[in-house]
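Here it is: the structure, laid out below.
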Amino acid sequence: MAETHVLFVEDDDVIREATQLALERDGFRVTAMPDGLQGLDAFRANRPDIALLDVMVPGLDGVSLCRRIRDESTVPVIMLSARADSIDVVLGLEAGADDYVTKPFDGAVLVARIRAVLRRFGHAGGAAGGESGPAGQEAQEALLVFGDLEIDTEGMEVRKAGDPVALTPTEMRLLLEFSSAPGTVLSRDKLLERVWDYGWGGDTRVVDVHVQRLRTKIGQDRIETVRGFGYKLKA
């Protein structure tokens with residue numbers, strides 16, 4: 001089985017070298033770069049399985065680099081932030097990141113978060129084994145229709161008014177979770193567990209930002225906010 005290739009962009013020499021060694025000990029192949037411009041070049045040259053980007057790097061900051069990557073690829077992206085600042089977190093997620101980790105981080109936690117993201121994307125690094133349908137549940141129908149929104153659960157394609165909608169894998173999993181139970185309210189914690197594969201408490205801002213991104217693509221009124229409880233797809 002091929003090694004999972006991680007692109008790691010971090011300007012702090014100590015953190016970059018220590019994290020690279022830790023990831024390599026866990027079986028990952030790592031390309032480490034000290035700034036965003038070199039990171040973008042390395043991404044285009046190597047096409048890694050996952051990108052790990054620090055927010056504050058020189059040349060091209062992590063958020064801008066994430067946008068560049070997302071313009072070209074749906075490869076999973078995890079942002080690293082030196083603080084749990086709402087602006088850093090939200091900017092990274094809005095740029096297309098799938099998750100984020102706050103520094104300083106424990107190596108085992110970082111590896112667990114990487115493997116969780118890779119499982120969602122079906123990469124080797126995470127042994128997902130045999131999942132089908134939304135978050136491992138069997139989809140009842142191959143084609144789901146909600147007004148002008150069509151979801152092909154086998155082909156993993158979405159169309160709105162006949163036009164294709166480009167979703168990242170995380171957005172697709174989120175939509176599949178909603179569409180598996182239209183009209184049912186799903187809590188943020190439940191969505192973190194099912195879509196982000198969190199077996200531990202997570203930051204619900206990850207859910208909120210992804211729901212907003214999904215709304216801009218499938219229609220703002222398609223997913224309803226139920227205050228104090230969560231979200232639901234309008235049947």
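The values are calculated or read from the model by the stated rules, or taken from the named source; none is laboratory data. Keep in mind the model is a prediction, meaning the values are calculated, not measured. Here the Cβ is made from the backbone with ideal geometry for all residues, glycine too, and neighbour counts use every protein chain on show. Each accessible area value is taken on the protein alone, full model and side chains, heavy atoms only, with ligands, DNA and RNA left out. Shrake-Rupley method; radii C 1.70, N 1.55, O 1.52, S 1.80 Å.
Check every one of the helices (runs of 4 or more DSSP H) wholly within region 157-235 and list those with 1 or more residues that are crowded, with 19+ Cβ neighbours inside 10 Å and of a type in the set (S, T, N, Q).
So the answer is 169-179.
Would it be correct to say that Ile78 is under 17 Å from Val6 (Cβ atoms), modelled with pLDDT of 90 or more and not in a helix (DSSP H, G or I)?
Taking the combined requirement at face value, the residue satisfies it.
Still on this structure, I have one more. Within region 59-72, can one find any residue that is hydroxyl-bearing (Ser, Thr, Tyr) and either modelled with pLDDT under 95 or open to solvent by less than 10 Å² (accessible area, probe 1.4 Å) (or both)?
The answer is no, given that none of the residues of region 59-72 is hydroxyl-bearing (Ser, Thr, Tyr) and either modelled with pLDDT under 95 or open to solvent by less than 10 Å² (accessible area, probe 1.4 Å) (or both).
A follow-up question, please. Quick check: anything in region 193-208 touching a residue at least 60 places away in the same chain (Cβ under 8 Å), under 13 Å from Asp99 (Cβ atoms) and hydroxyl-bearing (Ser, Thr, Tyr)?
Checked against the condition, which is being touching a residue at least 60 places away in the same chain (Cβ under 8 Å), under 13 Å from Asp99 (Cβ atoms) and hydroxyl-bearing (Ser, Thr, Tyr), region 193-208 yields at least one hit.
Then there is this: Scan region 84-115 residue by residue and report those that are over 12 Å from Asp54 (Cβ atoms), modelled with pLDDT under 90 and of a type in the set (Lys, Arg).
Listed by number, the list holds a single entry, Arg113.
What are the residue pairs meeting all of these: first residue in region 96-121, first residue assigned to a strand (DSSP E or B), second residue open to solvent by 50 Å² or more (accessible area, probe 1.4 Å), Cβ atoms under 8 Å, and 6 or more apart or on different chains?
Qualifying pairs under 8 Å: Val101/Val109; Thr102/Ala82; Thr102/Arg83; Thr102/Ala84.
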